[in-house]
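The values are calculated or read from the model by the stated rules, or taken from the named source; none is laboratory data. In this text the structure is predicted, and so the values were computed from the model without any measurement. Ideal geometry is used to build each Cβ from the backbone, glycine not excepted, and the neighbour counts take in all protein chains shown.
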Amino acid sequence: MIRNKLLRRALPVLIAGFLLPAAPMLGQAQTPGAVVTVESGAIGATTTLGGTVVPFKEVSLATQMPGRIEMIAGVEGDWFEGGALLVALNNDDLVAKRRSAAAGLAKAQAGWRNARVQYTRQVYSGSQFSETMGMGVPKMLDEVFTKPMSGMMGTTNPELTRRAQIFAHGIGIDQARFGLLQAQAGLDELDAKLRDTQTIAPFDGVIIRKHAEVGDTMMPGMPLLQFADTRHLQIKVDVPARLMPGIKKGMVIPARLDVGDARVDTRVAQVYPMADPQRHTVTVKLDLPTDAPGGPGMYAEVMVPDITSPVKNLPIIPKSAVLWRGSLPAVYVLGAQAEPVLRMVRLGGLVDNQTISVLSGIKSGERIVAQPPQGGPSGWNAPQYGGSVR
């Protein structure tokens, strides 16, 4: 009987002496059962703001031409490389118009070539064959009798007439060239409309939402798809203007994702230059690590520093020391006789990736278990071993 009582009193000391090694530094990797001494540090006030996880790149693709949808390449979640065809509209009428425009362009090219040939003939040969009939006798009589007599009488000027004819053929070349340009412009316009009947992926990404289905009749401006690059994610948060002095581009801010209560460090990537005139908030985007869990649209919380509040000295403990009893955090504190005692605490914000501040529940100088098992060591909560919950 006496021996059993002595063993019950000595067992917590044996647990503390053999299972719980000497207290390591807070920043070091903790081993199961290790003991650390709670230290205090100057902690600035933080404000927790709710935000949304968004893709780094996201576009809303809308219809550019009226028509009926003939093809959609995939569904939500399908991945496509940049330049891939996503949506195609019926374009039979535009294809027919393009064939007509191509024929008009060929006709304009033929007219332009003919005008150049006529101009060259006029320059080098004159127009003596332009009105010949049969053996060319009427034109020969005109050249031998009529034109010399008109020149002698001063009624005509053969050289001036020839120059006028050359100029007229030059104007014919210009007109043919302008017609060629006009036909080419019409063909280019139809090509642009044909391109607008197809929706192309602007970059590598995934379909995150469909707004239409095959067979729908679309009009210009109607939404088709939302397309995004989900490999790189950000948190978008609206920060009150009074907190903006504490936020700088490139600074690291801790955040909590609504996926398994994951806590990560984010980096400020973009600060909008203007506040919302109605809500008086500034939009800030923070880059998430590439291995962060979750996806676009999920909820996230950002711990924004509040430099307008005074700095406080708060206890700092390893994150691994925190046990969760439902939604209540707790730590194992070593009692007067080195027995582990489960004590509820009120947590503050993350200090770094491994430590967290405590608002109440423990004091600086107390010794806690740095990495206890989630269920607690066997017998720690048993009354005969001095275990309790405070």
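Just so you know, in the range 266-304 the residues that are in contact with a helix residue (DSSP H, G or I) (Cβ under 7 Å, 6 or more places away or on another chain) and assigned to a strand (DSSP E or B) include one that is farthest from His232 (Cα to Cα), and it is Thr281. Across the range 242-265, the qualifying residues are those that are touching a Lys or Arg at 6+ places or on another chain (Cβ under 8 Å) and assigned to a loop (DSSP other than H, G, I, E, B), and the one among them that is surrounded by the most Cβ atoms within 10 Å (Cβ to Cβ) is Met251. With of a type in the set (A, V, I, L, M) and over 20 Å from the mean Cα position of the chain (by Cα) as the only criterion, which of Ala108, Ala84 stands out? Selected residue: Ala108, the only one of Ala108, Ala84 that is of a type in the set (A, V, I, L, M) and over 20 Å from the mean Cα position of the chain (by Cα).
Scanning the range 195-221 for residues that are under 19 Å from the mean Cα position of the chain (by Cα) and closer than 19 Å to Leu94 by Cβ yields a total of 2. Summed over the range 179-209, the residues that are buried (at least 17 other Cβ atoms within 10 Å of the Cβ) and in a strand (DSSP E or B) give a count of 5. Taken over the range 65-79, the criterion of being among the acidic types (Asp, Glu) and more than 26 Å from the chain's Cα centre (by Cα) is satisfied by Glu70 alone. Among the residues of the range 274-283, is there at least one that is hydroxyl-bearing (Ser, Thr, Tyr) and at pLDDT below 90? No: the range 274-283 contains no residue that is hydroxyl-bearing (Ser, Thr, Tyr) and at pLDDT below 90.
All conditions but one from (1) under 21 Å from the mean Cα position of the chain (by Cα); (2) surrounded by fewer than 17 Cβ atoms within 10 Å (Cβ to Cβ); (3) of a type in the set (Val, Ile, Thr) apply to Val239; the one that does not is (2).
Taken together, Ala102, Ala96 contain a single residue that is surrounded by fewer than 12 Cβ atoms within 10 Å (Cβ to Cβ), part of a helix (DSSP H, G or I), among the aliphatic types (A, V, I, L, M) and at pLDDT 90 or above, which is Ala96.
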